[in-house]
Amino acid sequence: MGLLSFFKGVGEKIFHNDAPAAPAEAEKVEPVRAQALLDHVKQLGLAYNTLTVKTKGDTVTITGSVKSQEDAEKIALAVGNVEGVSSVDNQLTVDEPAPEGKFYTVKSGDSLSKIAQEVYGDPMKYGVIFEANKPMLSDPDKIYPDQVLRIPQL
């Protein structure tokens, strides 16, 4: 799947005391940040066979295996849509390969129905986008600018 870009200053707030004072302290923080991201994926109940999360600064690398392309994409979005993460290197292997989904970065004033109109030509298909982004989205009205969403093929 490769490298996905995110806006570092927006997203779920799962890191605490994220500013190490010295480079030597940064090495101690990386495993803590990686564990917080792995715990976040687990808390969301996302499916995987094996999963390893590593961080280096604001870049996250995920490796392991998942059953479907959808699972790989959801995990990448779950860790990428976290405040303090600017890119995710998705190296997950997929048991049942399928075409990659598309991604959409929410703009100010967007709604899921507006996005559905833009990508599918039908605002009533907003539910497809909502379902494709569960459990990261809990409500179709709770999206925010610079959030990255999965846009599945119809």
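The values are calculated or read from the model by the stated rules, or taken from the named source; none is laboratory data. What you are looking at is a predicted structure, and each value in this text was computed from that prediction instead of being measured. Don't worry about glycine lacking a Cβ; one is built from the backbone with ideal geometry, like all the others, and counts go over all protein chains shown.
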Inset, instruction - Taking only the stretch 96-126 into account, find how many residues are in contact (Cβ under 8 Å) with a residue 24 or more places away in the chain, in a helix (DSSP H, G or I) and over 16 Å from ASP139 (Cβ atoms). - result: 3
Legend entry - Failed item in (1) in a helix (DSSP H, G or I); (2) within 17 Å of the chain's Cα centre (by Cα), with PRO31 passing the rest: (2)
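Look through the stretch 113-129, keep the residues that are hydrophobic (A, V, I, L, M, F, W, C) and farther than 19 Å from PHE6 by Cα, and return whichever of them is surrounded by the most Cβ atoms within 10 Å (Cβ to Cβ). Steps first, please.
Step one: of the stretch 113-129, the residues hydrophobic (A, V, I, L, M, F, W, C) are 115-116, 119, 124, 128-129.
Going one step further and asking which of them are farther than 19 Å from PHE6 by Cα, we end up with 116, 119, 124, 128.
Numbers: ALA116: 20, VAL119: 17, MET124: 10, VAL128: 18.
Top of the filtered list is ALA116.
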Legend entry - Subset tally (residues that are within 16 Å of VAL88 (Cα to Cα) and surrounded by 14 or more Cβ atoms within 10 Å (Cβ to Cβ)) for the stretch 29-56: 12
Legend entry - Inter-residue pairs, beta-carbon under 7 Å, first hydrophobic (A, V, I, L, M, F, W, C) and in the stretch 37-49, second exposed (fewer than 14 other Cβ atoms within 10 Å of the Cβ), 6+ apart: LEU44/PRO135; ALA47/LYS67
Inset, instruction - Would you please list the contacts, defined by Cβ atoms under 9 Å and residues six or more apart or on different chains, that run from a residue in the stretch 1-18 that is buried (at least 16 other Cβ atoms within 10 Å of the Cβ) and acidic (Asp, Glu) to a residue that is in a loop (DSSP other than H, G, I, E, B) and at pLDDT 90 or above? - result: GLU12/ASN81; GLU12/GLU83; GLU12/MET136
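I'd like the full set of residues that are among the basic types (Lys, Arg) and either assigned by TED's automatic domain parsing to the domain that holds ASP71 or part of a strand (DSSP E or B) (or both), limited to the stretch 127-154.
ARG150
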